[in-house]
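Just so it is clear, none of the values below were taken in a lab; they were calculated from the coordinates. Since the model is a prediction, treat every value here as computed from it, not as a measurement. Here the Cβ positions follow ideal geometry from the backbone for every residue, glycine too, while neighbour counts run over all protein chains shown.
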Amino acid sequence: MQDENGRIFREAWISGVQQHYPGEPKPGYITPWEDTPEWEREAAAAVFTQVADFIRVSNGNTSKLSREQRGQFVALCWIAQIYKHFEDPKPSYVADWPELPEWQQQTDADIFDAIEQAV
């Protein structure tokens with residue numbers, strides 16, 4: 001189940017990058033699940049679980065959140081995973097919402113929506 005949940009997250013990320021990234025995305029941004037590093041698989045599954053739990057404990061009322069709020073929640077959960085897996089991450093890996101590029105904000109919101117649909 002964890003593998004399946006992480007895969008849903010990763011596929012939503014890739015889809016969002018392909019839709020929102022300006023120009024040609026870095027290869028690492030669209031690496032298929034099978035070739036994704038183990039730490040990133042674990043992080044994807046963990047964030048899926050956090051978002052799914054948030055949706056459940058809110059009795060589905062997360063549908064009332066704005067697109068920005070939905071994306072912010074995904075971004076914040078991801079930042080926590082970065083800190084879990086890296087002792088001293090690059091600042092761009094743990095940037096606050098306003099510092100994230102538009103394409104990444106849109107992709108994070110898409111991820112929330114994909115998880116909501118899966119739950």
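Quick one: which residue in W13, W39 is crowded, with 18+ Cβ neighbours inside 10 Å and of a type in the set (F, W, Y)?
W13
Condition (residue is farther than 17 Å from V119 by Cβ, without any contact (Cβ under 8 Å) to a residue 60 or more places away in the chain and in a loop (DSSP other than H, G, I, E, B)) applied to region 61-80: is it met by at least one residue?
Looking for residues that are farther than 17 Å from V119 by Cβ, without any contact (Cβ under 8 Å) to a residue 60 or more places away in the chain and in a loop (DSSP other than H, G, I, E, B), one finds at least one in region 61-80, hence yes.
Condition first: among the hydroxyl-bearing types (S, T, Y) and under 16 Å from the mean Cα position of the chain (by Cα). Now tell me which residues in region 21-61 satisfy that.
Residues satisfying the conditions are Y21, Y29, T31, T36, T49.
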